[in-house]
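Chemist: The structure follows.
The values are calculated or read from the model by the stated rules, or taken from the named source; none is laboratory data. This one's a predicted model, so the numbers in the text were calculated from it and none came from an experiment. Positions of Cβ are backbone-derived with ideal geometry, glycine not excepted, and every protein chain shown enters the neighbour counts.
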Amino acid sequence: MKTLLTIAALLTASQAQALSCMRPDAATSFDQASASEFPYLVLTGTLTAPPASGTTESKPVSLLGTLTGQGLTTDGFTAPFDGNVVLQVTCAGPWCGSAPASGPFLAFARIDGETPVIELDACGNWLFPAPDQATLDRLTTCMQNGACSAQPVQ
């Protein structure tokens, strides 16, 4: 009986320390970026990231990648973008984001210096793999209206 109580206490303690993330949503990220003190670029295209060799997923790390695609304007994803981006892996306690495999992405890149920064947090709020056209269209509407929170999900 004593052993069962100890196990139950340990399970309860580890559940209380679990990371709680809302499901990542591009519209929510748009609103968070709009409310930030930093300007953001909303980009879609092919992200090429270096292998994260020598790093672990339990420590913050910054990697230099490239993104080739388009940036969001009020006319849609029409501004060409082809340049370097910093992939900044951040942690929330023991939970860390991870460097993505290369591929098509939707990214929210913070302008904080010369090179845009894509934060790879533990909840995945700033980088979305393979965005569909409906998501891109919704973000265009958000850009035209200045916010996404009032926009209905379609």
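Chemist: With the structure loaded, tell me whether F38 is under 20 Å from A147 (Cα atoms), exposed (fewer than 12 other Cβ atoms within 10 Å of the Cβ) and modelled with pLDDT of 95 or more or whether it fails that test.
Modeler: Against the criterion (under 20 Å from A147 (Cα atoms), exposed (fewer than 12 other Cβ atoms within 10 Å of the Cβ) and modelled with pLDDT of 95 or more), F38 qualifies.
Chemist: Let me ask you something else. Quick one: would you say T115 is surrounded by 12 or more Cβ atoms within 10 Å (Cβ to Cβ), polar (S, T, N, Q), touching a residue at least 24 places away in the same chain (Cβ under 8 Å) and farther than 23 Å from D25 by Cα?
Modeler: yes
Chemist: Here's a follow-up. As an exercise: evaluate F81 against (1) exposed (fewer than 13 other Cβ atoms within 10 Å of the Cβ); (2) farther than 21 Å from D25 by Cβ and give the number of the one condition it does not meet.
Modeler: (1)
Chemist: Going by the structure shown, is T74 of a type in the set (V, I, T), surrounded by fewer than 18 Cβ atoms within 10 Å (Cβ to Cβ) and at pLDDT 85 or above?
Modeler: The answer is yes for T74.
Chemist: Same structure again: For the range 100-109, which positions are over 12 Å from G45 (Cα atoms) and either without any contact (Cβ under 8 Å) to a residue 40 or more places away in the chain or over 11 Å from the mean Cα position of the chain (by Cα) (or both)?
Modeler: A101 - this is the single residue of the range 100-109 that is over 12 Å from G45 (Cα atoms) and either without any contact (Cβ under 8 Å) to a residue 40 or more places away in the chain or over 11 Å from the mean Cα position of the chain (by Cα) (or both).
Chemist: Only one of these conditions is not met by P94: (1) in contact (Cβ under 8 Å) with a residue 40 or more places away in the chain; (2) more than 22 Å from T68 (Cα to Cα). Which number is it?
Modeler: Checking P94 against (1) in contact (Cβ under 8 Å) with a residue 40 or more places away in the chain; (2) more than 22 Å from T68 (Cα to Cα), the one that fails is (1).
Chemist: Can I ask one more? Of the numbered conditions (1) closer than 30 Å to K59 by Cβ; (2) touching a helix residue (DSSP H, G or I) at 6+ places or on another chain (Cβ under 7 Å); (3) at pLDDT below 95; (4) not charged (D, E, K, R), F108 satisfies every one except a single condition; which is it?
Modeler: (3)
Chemist: For the subset of the range 109-133 comprising residues that are of a type in the set (A, V, I, L, M) and not in a loop (DSSP other than H, G, I, E, B), which member is farthest from G69 (Cα to Cα)? Before you say what the answer is, go through the steps one by one.
Modeler: From the range 109-133, those of a type in the set (A, V, I, L, M) are 109, 111, 117-118, 120, 122, 127, 130; that's our starting set.
Keeping just the survivors that are not in a loop (DSSP other than H, G, I, E, B) gives 109, 117-118, 120, 127.
Details: A109: 13, V117: 16, I118: 15, L120: 19, L127: 14 Å.
Looking at the filtered set, the residue picked out is L120.
Chemist: Under 6 Å between Cβ atoms, at least 6 apart or on separate chains: pull out the pairs that start in the range 66-85 with a residue that is within 20 Å of A49 (Cβ to Cβ) and end on any residue that is of a type in the set (D, E) and in a strand (DSSP E or B).
Modeler: Cβ pairs passing all conditions: T68/D82.
Chemist: Within the range 41-62, take every residue that is surrounded by 12 or more Cβ atoms within 10 Å (Cβ to Cβ) and under 21 Å from A92 (Cα atoms) and give me the one that is modelled with the lowest pLDDT.
Modeler: Here the answer is T55.
Chemist: Return yes or no: is G65 modelled with pLDDT under 95, in contact with a strand residue (DSSP E or B) (Cβ under 6 Å, 6 or more places away or on another chain) and not polar (S, T, N, Q)? Walk me through it before giving the result.
Modeler: Details: modelled with pLDDT under 95: yes; in contact with a strand residue (DSSP E or B) (Cβ under 6 Å, 6 or more places away or on another chain): yes; not polar (S, T, N, Q): yes.
The answer is yes for G65.
Chemist: Test each condition in (1) over 19 Å from A27 (Cα atoms); (2) in a loop (DSSP other than H, G, I, E, B); (3) among the hydrophobic types (A, V, I, L, M, F, W, C) for C148 and report the one that comes out false.
Modeler: (1)
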